[in-house]
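What follows is one structure encoded as structure tokens, with my remarks underneath.
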Amino acid sequence: MAQAHVLRIPIKPGMKGRVEEYLAKRASSREELDSIYARRGVSRTLMFVEARAGVDSLFIYRAGSNLETAGADFLLTDVPLEKEFRKLLLEATDVDELVTMPVAFCWPDE
């Protein structure tokens, strides 16, 4: 059975533009990333920035067969775009304030 969750990670003050620039760059590599995610058992990933209660946050929707294993694989990958994303998370977000949120709706697998 597929799992799904949303990660909400607050963005540090003044870093929203940097996160949005990375997301735009990431969008241009969608096919490569979809292939990488598929090998990790992740069937869907959606990322966006939104402000709630005056706090900018990065939201990451993920669905897949084992998100815990996929997350561990992400931490160990040598893929340049993923290494850049790890660096961005450390520099531009408050990873210690990450909240995992359950989702009521999951996109069906194709």
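Nothing in this text is a laboratory measurement; each read-out follows from the coordinates by a stated rule. Everything numeric in this text was worked out from a predicted model, so none of it was measured. A quick note on method: Cβ atoms are made from the backbone with ideal geometry, for glycine too, and the neighbour counts reach across all protein chains shown.
Assorted remarks:
- Simple label model, 7 Å out from Cα along Cβ direction - His5 to Asp78, nm: 2.9
- The angle between the Cα long axis of helix 67-76 and the longest principal axis of the Cα atoms of the chain comes to about 60 degrees, rounded to the nearest 10.
- Net length available on complete extension from Glu31 to Phe59 is 8.0 nm, with 0.36 nm assigned per residue and the Cα-Cα distance removed.
- Fully extended contour minus Cα-Cα distance, from Glu20 to Met101, at 0.36 nm per residue: 27.0 nm
- Between the helical axis of 80-92 and the longest alpha-carbon principal axis of the chain there is an angle of about 40 degrees.
- Once the Kirkwood radius over Cα pairs is known for the chain, the Stokes-Einstein relation at 20 °C and 1.002 mPa s delivers a diffusion coefficient of 148 µm²/s.
- Anchor Lys83: aspartates and glutamates whose Cα lies under 15 Å away (excluding residues fewer than 8 positions away in-chain): Glu32, Asp73, Glu91
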